[in-house]
Structure formats: C-alpha cells, structure tokens
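Each reported figure results from applying straightforward, stated rules to the coordinates on display, with no laboratory input. These numbers come from a predicted model, not from an experiment. FYI the Cβ positions are ideal-geometry reconstructions off the backbone, even for glycines, and counts take in every protein chain you see.
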Amino acid sequence: MAATSFPAPYVTDQAGQTNTDHICKKQTQQSQLAKLVMSTHLVSATANSPSSTSSSPKLPQSDKPPLLSQPGHDGHPSLPTQSSLVNALRSLNVGPFDMLPPTSAANGYMEPPTSRPNIPHYESPYARSNASTAPGSPRLPPLRQNSGNHTPRVRPHATSLNIPGMTRSKVSPDGRIPDRDVAAKLVIIMVGLPARGKSYITKKIQRYLSWQQHNTRIFNVGNRRRIAAGVGPTDSPESAAQDKPKNAHQPSTPELNGKLQNTHAKEVASILLNGASHNRIEEPTRLDLNGTDVYDHDHDPELLDQSAKFFDPQNATASKIREQVALDTLDELIDYLLLKNGAVGILDATNSTIHRRQLLVDRIKEREPKLNILFIESICNDQNLLEANMRLKLSGPDYKNKDPVKSLKDFKARVKAYESAYEPLGEYEEKRDLQYIQIVDVGRKVIHHRLKGFLSSGIASYLTTFNLSPRQIWITRHGQSLDNVAGKLGGDSDLTERGHYYGMALYNFITAKRNEWLVEQETKLARASFPPQPGDHTPPYPEFNQDLDEKNFCVWTSMLKRSVETAEYFEADDDYDVKAWELLNELNAGTFEGMTYDEIALKHPGEYDKRQHDKLQYIYPGVGGEGYLQVINRLRDMVREVERVNDHVLIISHRSVCRVLMAYFMDLTRNDIAELDVPLGMLFAIHPKPYGIEFHAYRYNEPQGWFDEVRDYKPQKTQDRNN
C-alpha cells in the first residue's frame with residue numbers, strides 16, 4: 001500500500017518547475033467553499049435562535065453567500081438545496097485528489113522553491129477583521145475557584161510536603177504550613193504510663209520540629225492539673241504569651257487570663273480529695289511527703305490531693321476532674337493550631353485508656369475534622385531504664401524537695417494505679433484507621449501504623465535515632481584562615497600559622513576533657529544508689545547499672561581545607577576517627593564567593609540591604625547560592641546522626657553551620673539563628689541528659705595554648721552586622 005502523504009507548501013514537478021501556484025489556487029477555491037458552508041449554517045442558526053435580537057452581529061450585505069436563496073414566506077432565508085451545493089462544487093472544478101502532492105514528492109526529499117509562493121494567510125477565527133468596525137471580543141481572565149461567579153470548591157486542597165526555604169507557593173511563600181492548609185497540621189497525643197519518658201520524647205520532638213521552622217508547642221496536662229489544684233505555678237506558659245482570641249474556646253476549669261481565681265481554687269482543690277465536699281476544706285491542699293506516711297488515713301485527708309489516690313481509677317470524682325482538665329488543655333492546643341498560626345501541637349499526658357483517647361478524638365473532630373491526629377506511645381520494658389526514669393521523676397514538680405524514699409513509694413503506687421486500667425495502642429486504633437507510633441525503650445524498637453503526611457513520617461524517622469547514652473558533643477569553628485584575615489566570604493583557603501596552633505591546642509584540650517569525663521562517670525557510677533538518698537543529684541542514666549567502657553571519639557570536619565587542616569592532629573592519633581562531610585561545608589555565597597562585605601555593599605547595595613533586613617530568609621544569588629534555611633535542610637540528616645551515635649563527637653565546621661547546630665541543641669528561636677555570635681576560638685560542649693542538655697562554653701586562650709571556661713554563658717547576638 002502506498003504511503004499517505006499530506007500536502008506540503010513547497011512541491012516541485014518532474015521538470016523541476018514549481019506547481020505551487022496551481023495548488024494554492026485550488027486551496028483558495030476549497031477554502032471559499034468551506035467558508036460558504038459555514039456561513040450558511042451560521043445564518044440559519046442565528047435566524048432561528050429565539051434569543052436573536054436587533055443588536056446581534058450580522059454579516060455584511062456584500063458578503064452575502066451567493067448560494068443562499070431568496071427569503072421564504074416567513075422572511076427568513078431558506079437553506080440551499082443539496083443539488084445547489086453539488087453544482088457549486090462542480091463549478092469550482094476541484095477533484096477529490098487534486099490537493100495531494102505529486103507522486104515523485106510523496107516519499108522523497110522536498111526541495112525548497114526558488115522563490116517564495118503566495119501562500120494564503122491564516123487568521124484566527126477569534127481575531128478581529130481589518131475591515132470590520134465592530135469591537136473585538138474581550139479576553140476574559142480565568143475565574144477564581146472560590147469566586148462568586150463559580151461553584152465553590154468542594155475538594156480539599158492538597159497537603160503535600162512543606163519545607164521552609166525549600167518549597168514556595170502562593171499561599172505559602174516562605175514554605176511553612178499555611179493557615180488554610182488545616183489538613184497538614186498535626187495534633188500529637190502522647191500515650192503511656194508514668195516514668196516512660198513521654199515528656200522527654202515531647203521535648204525532643206518539639207525542639208526538632210521548631211528547628212525545622214514548623215511552629216510547635218507542648219501542652220502539658222499535668223501542669224494544668226497542678227494549677228487547678230493550687231499546687232503549681234499560677235501562670236500558664238501556653239496562655240501567658242498572648243491574650244486568647246475572641247473566638248477561642250473558653251476552658252471549663254476555673255481559670256481567668258491564665259491565673260486561677262482564688263475563690264474557685266479552694267473548691268477545685270477540695271474536690272480532688274477522693275470526692276470530698278469543698279465545704280469540709282477551707283484552704284488549698286498541699287502534698288506532704290517529708291514527714292507523713294501518705295497512706296496513713298488518721299492524718300488530714302487534704303494531704304492526699306496529688307498523691308497516688310488521686311490517680312486511682314476507682315476515684316470517680318477525681319477521674320472526672322482529670323478528664324475535664326485534659327479536654328481544656330486539648331482545647332487550648334486546638335486554639336493554637338487554628339487561631340495562632342501553629343503547625344503542630346503536642347498533648348503531653350498519660351491518655352492510658354481507650355475511653356480517654358476516644359474522648360480526645362471526638363473533641364478534635366467536633367472542632368475541626370480535617371486536623372490530623374497522631375498517637376505516640378512510649379513503652380519501657382528495660383528495668384534499668386525504668387529506674388532511671390523514676391529517679392528523674394522524683395526531681396519533678398510533684399516531688400520537688402520531698403523525702404526521696406517516701407516519694408518513690410508514692411510514685412510507684414501512682415504507676416500501679418495507672419497500670420490497673422492501662423490499655424495500650426493497638427487493634428482499637430487500627431480498626432478506626434488512626435495513625436500511631438509505638439516507641440519501645442526510647443528507640444530500641446519503633447512500630448508505626450498508617451502514617452499519613454510528611455510531618456508524621458518525619459517524626460517516625462526521627463524517633464528511631466534516640467538514645468540515652470552519656471556522651472560529649474563538641475562544636476567549634478576551624479582555625480584562622482587566609483580568607484578570614486582578608487575578610488572574604490567562602491572560598492577554600494588554607495590555615496594561617498595561628499590557625500594551625502589553634503588545631504594543636506584543640507587536640508590537647510579535647511584529649512584532656514575526654515579522660516576527665518571517663519573518670520567522672522566512673523565516680524558517679526560508684527556513688528549512685530537507688531532509691532536515691534537525700535542530696536543525691538546523680539543524673540539518671542540507664543547505663544548506671546552497667547559497666548562503662550571507654551567510648552570512641554569521632555571528629556567530623558567539612559570538605560574545605562581550613563576545616564580539614566584544623567583536625568590534622570586528631571588525624572595523626574589512632575584514638576580518634578576523623579571523617580570529612582560535605583554536609584558540614586560553609587554556606588555557599590553564590591556569585592559573592594571571594595568578595596568582602598564592603599565590596600558587596602558597594603557593588604550590590606540592593607542585595608546587601610536584603611540580607612541585612614532578613615538574614616534567615618535571604619538566599620545568596622547565583623549558581624549554588626544558599627541561605628540559612630537551606631543549611632538547616634541539609635543538616636537534617638547530620639542532626640539525626642549526632643542523635644543516633646553513642647560515641648563522643650567533635651564537629652569542626654564554619655560559622656553558619658555552627659549557628660544552625662547550636663540553634664538545634666539550645667532550642668533557639670528562628671530570629672536568633674542567623675544572629676548568634678559564634679566567633680573564631682569558641683568551643684561549645686553539649687552533654688545530652690534525659691531532662692535536656694548540660695551546656696558549657698570555652699574561649700581559646702591563645703597565649704596559654706588552652707581553653708578557659710566561660711561561666712554562666714548565655715547565647716548572644718553578634719555585634720558585627722556583617723557576620
């Protein structure tokens with residue numbers, strides 16, 4: 001079968017002469033016929049349309065199709081007959097195959113003509129004719145999906161990944177979760193028995209998500225319970241920051257502007273006493289574990305307000321009080337997400353029964369069905385870990401300054417009361433398609449179900465890095481480099497002689513501190529006792545009941561020469577494991593690499609002013625240019641690795657990287673990250689603890705070749721506006 005070929009504008013015959021004029025003439029005739037048929041149908045449709053008016057556009061009389069017959073009896077033109085159309089086709093003398101190209105050119109190469117033929121110009125049917133005086137059709141802009149001229153959008157908006165500094169959209173130009181995207185916001189509900197590390201986990205999650213620039217806040221039910229009972233601080237940290245919006249939920253517990261009313265405090269505190277009437281009690285009760293047996297019923301019952309009996313599931317009145325306090329705390333959390341630009345709210349409480357958890361889910365769905373809910377349950381089977389957690393709990397607000405032996409007895413009774421009604425996460429949540437994470441022994445095992453959303457998945461990955469091993473984390477900048485002396489940005493210069501001396505002093509100091517740390521841990525292990533004795537402030541670690549081995553020491557540098565050269569003395573010692581990471585490279589200044597800040601201000605004043613206005617959001621122009629948000633994103637895996645390893649770590653990096661890492665460990669606000677003062681010669685030590693971190697700062701003493709500790713160090717804002 002011969003191949004089918006479409007007509008081309010340039011065709012030559014066998015003699016080499018162009019026949020395009022003949023083809024174009026036939027194309028014109030065929031085009032006129034097509035316009036004739038279209039005009040016939042247009043006139044007929046316009047005449048028969050009931051909406052046709054005198055103002056409707058009409059064809060000019062001179063353009064009246066010749067095939068139209070005279071008007072009929074009703075005044076409308078009649079359609080041409082089939083025979084008249086056939087005669088018109090014959091008069092044009094156009095055969096069905098006259099428009100095909102010659103056979104010789106059907107499958108061969110088509111040579112261009114020697115002169116450009118007169119090809120008919122095609123005009124869009126929407127374009128206004130040059131001969132027409134009528135105005136052109138207006139171009140209508142697309143309608144907004146939710147405008148009054150369109151059916152409102154029913155389908156919810158997409159809830160894809162939002163990364164500050166890495167994503168951008170109309171509703172979220174900075175990459176944060178927009179207020180409109182409620183389905184991307186997350187309510188985290190903690191689950192677990194007391195002394196299972198729930199508060200430790202919540203603080204770690206809050207610090208990590210806040211460092212990732214997601215607005216995150218913890219709402220602790222125990223704090224509100226102590227406020228309601230009159231045995232805790234009267235200022236609610238969640239509500240003291242700013243007044244509640246007018247449309248915020250009003251709490252049911254007797255609270256006014258974050259402070260407990262004195263008249264109601266007595267009533268609430270008395271109700272907590274195993275259902276006792278408030279008429280029997282005149283003053284708010286206090287827990288006394290210093291000189292009274294908490295189980296001695298001959299003493300005043302007001303001594304039992306926050307003791308183990310308050311948490312007994314059989315105490316119906318106390319259960320209702322605890323339930324209402326939990327709901328009020330949850331309402332405050334929801335207000336934060338819906339009204340205060342929050343992204344993640346964490347409800348820190350035991351929530352150990354299916355009834356309580358379903359009650360919380362129902363309240364969330366009642367107020368905003370689109371909010372995501374994630375349960376996180378902490379389970380501890382390791383007895384060493386439980387003892388460490390109990391030791392930590394005895395220094396908490398419920399047992400502060402109390403006799404440790406009696407406090408431990410009361411706390412164990414509280415745990416036993418919870419255990420009698422405890423229902424772990426599992427089949428009930430799975431049947432209702434609820435997402436949850438179970439973390440066993442602080443990261444030894446992690447189970448998750450039906451995780452939906454980038455926040456939930458990121459949290460699950462982060463939880464797998466947890467460990468409570470005592471260790472040291474050191475952070476410092478490299479020694480002085482040639483570009484530091486010249487004041488240039490970026491680059492890859494070598495160290496100066498002073499920079500090499502800094503590396504030697506750093507090696508000597510870290511080696512000494514490493515040995516001191518091992519002796520200190522062995523001494524604490526030998527003196528530790530459980531239950532703790534009065535005055536025993538030994539930090540709780542699960543490893544205290546195990547032998548302490550000398551830990552490995554990792555030294556991590558960037559790929560840049562000034563960082564690698566600072567670690568040269570560590571590299572020469574087999575007791576240190578040195579590794580270079582590209583993740584630790586300095587922030588890339590793009591086209592400004594190798595320039596000074598004065599040169600940037602002179603040659604690019606606009607860019608200089610933009611950076612001065614907002615360092616955190618600013619991105620250097622040019623290929624590879626970065627900003628602080630980009631550095632945060634690439635250091636995410638580095639932070640997880642630091643959290644995961646059990647060994648000591650020394651990080652030798654650069655100003656921007658040290659700022660970002662310090663912001664994570666010290667839980668700095670987003671406004672402090674890019675302004676933190678991290679000069680050359682500063683060395684920071686971080687000791688992770690179950691209750692947070694222990695922080696020390698040291699300053700390089702160049703004449704002595706050593707480091708001096710800076711007592712009571714507080715993060716400071718840099719005084720150099722360029723740095």
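Hey, fewest Cβ within 10 Å first, where do ARG432, ARG498, ARG471, ARG659 land in order?
ARG432, ARG498, ARG471, ARG659
Could you go through the range 650-667 in sequence order and give the Karplus-derived ³J(HN,Hα) for each residue, using 6.51 cos²θ - 1.76 cosθ + 1.60 with θ = phi - 60°, rounded to whole Hz, and x for Gly and Pro?
10, 10, 10, 9, 10, 4, 5, 5, 5, 4, 5, 5, 5, 4, 5, 5, 9, 6
If amide H atoms are built 1.01 Å from N in the plane of the peptide, which residues on other chains or at least 5 residues away come under 5 Å of the amide H of TRP706?
ASN701
Listed here are the pairs LYS412/LYS524; LYS204/LYS406; LYS402/LYS524; LYS198/LYS416; LYS198/LYS365; which of them are more than 27 Å apart at the Cα?
LYS204/LYS406
In whole Hz, what ³J(HN,Hα) sequence does the range 339-346 give by Karplus (6.51, -1.76, 1.60; θ = phi - 60°), x for Gly and Pro?
Those phi angles translate into 10, 10, 6, x, 10, 9, x, 10 Hz.
If r is the Cβ-Cβ distance from ASP677 to GLU368 and R0 is 56 Å, what FRET efficiency results, to the nearest 0.05?
So, using R0 = 56 Å, E works out to roughly 0.85.
Expressed as a whole number of Å, what is the distance separating the alpha-carbon centroids of the range 361-391 and the range 582-597?
Each part reduced to its Cα centre gives a spacing of 43 Å.
Suppose the chain between GLU323 and LEU482 were pulled fully straight at 0.36 nm per residue; how much longer would it get relative to their current alpha carbon spacing?
In short, 50.8 nm is gained.
Between ASP575 and VAL405, what FRET efficiency comes out of the Förster formula 1/(1 + (r/R0)^6) with R0 = 41 Å and r the beta carbon distance, rounded to 0.05?
So, using R0 = 41 Å, E works out to roughly 0.45.
Grab the Cα-Cα distance for GLN383 and HIS613, subtract it from 0.36 nm times how many residues apart they are, and report the gain in nm with one decimal.
Gain on extension, GLN383 to HIS613, equals 77.5 nm.
What FRET efficiency do you get for ASP174 and GLN32 if R0 is 51 Å and r is their Cβ-Cβ distance, rounded to the nearest 0.05?
0.30
Take GLU702, GLU377, GLU366, GLU565 and order them by how many other Cβ atoms sit within 10 Å, fewest up front.
Going from least to most buried by this count: GLU366, GLU702, GLU565, GLU377.
Multiply the residue gap between THR167 and ARG699 by 0.36 nm, knock off their C-alpha separation, and tell me the result in nm, one decimal place.
187.7 nm
What are the residues whose amide H is under 5 Å from the amide H of GLY627, where those residues sit 5 or more places off or on another chain and H is modelled from the backbone?
TYR620
Just want the ordering: PHE509, PHE684, from fewest to most Cβ atoms lying within 10 Å of their own Cβ.
If I rank by nearby Cβ atoms, fewest first, I get PHE509, PHE684.
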